[in-house]
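This report refers to the structure that appears directly beneath it.
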């Protein structure tokens, strides 16, 4: 990494601390992942700005604060099996992979999935398994999951994802709300057939959609 980008990364980590990211494991994971790898080359110098940026297929790479916040609120440790719905650029998955035992990530846009797969391989992130598919259906063959993170906003919580949460303390972090509404990050904790819901933070995400898309 060039010196200016390394300096910008350290400035970003300081900003995240000031904004309330206190989990040192999350901060270390953010520090270890080269965000510039996950964005178009023309945006390279903006890699460590605390801002969302455009990527292919009309999607975005989330603001680093939101990535750090959602990761922190997911309460991941290195024994856990995690499902990510919406691989996107692969950045959030790369951060999660440094905190969990296994990450399973689903993406509905084939070009995004192929690019993320290549990046995971290049970066040696061997505990990530990818799937081109409809994220709203989750990944039932691999369920149950200790943790589920959804990186796009649903109008309501998909029932199929709730079913795939581990019954004894499984946690899902998901943005909820229509595009024209104020969306919020929800944290849902499962105990048997009971689901405790906490509303955490107002956000703005691209919509969670069903189906698959072969072209960008």
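Values in this text are rule-based calculations from the coordinates and carry no lab data. The model shown is predicted, which means the values in this text are computed figures rather than measured ones.
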Query raised in the report: How far, in degrees from 0 to 90, does helix 64-74 lean away from the longest principal axis of the Cα atoms of the chain, to the nearest 10?
Result: 30 degrees
Report summary line: Per the rule of 0.36 nm per residue minus the C-alpha distance, extending residue 6 to residue 25 adds in nm 5.0 nm
Query - Degrees, to the nearest 10: 110-122 long Cα axis against longest axis of the chain - result: 60 degrees
Query raised in the report: How far is the Cα center of segment 82-114 from the Cα center of segment 130-146, in Å?
Result: 11 Å
Report summary line: Quick note, segment 1-125: a/c under 1.5 would make it rounded; otherwise a/b > b/c is prolate and the rest oblate (a ≥ b ≥ c, C-alpha gyration tensor); here it is oblate
Query raised in the report: Taking only the alpha carbons of segment 101-216, what extent do you get along each of the three principal axes, in Å, biggest first?
Result: 38, 35, 23
Requested in this report: Run through every distinct alpha carbon pair of segment 153-216 and return the Kirkwood hydrodynamic radius in angstroms, one decimal place.
Outcome: 12.7 Å
Report task. Compute the relative contact order of the chain as a whole-number percentage, counting only Cα pairs closer than 8 Å that sit 6 or more residues apart in sequence. Result -> 16 percent
Query raised in the report: Starting at 0 and stepping by 10 Å, how many percent of the alpha carbon pairs of the chain end up in each bin?
Result: 9, 36, 40, 14, 1, 0
Report task. Treating the angle as unsigned and between 0 and 90°, give the value, to the nearest 10°, between the Cα long axis of helix 3-18 and the longest Cα principal axis of the chain. Result -> 40 degrees
Report summary line: Note to self, the chain gives a 222 nm [θ] from helices alone (DSSP H runs n ≥ 4, -39500 (n - 2.57) apiece, / all residues, nearest 500) of -8500 deg cm²/dmol
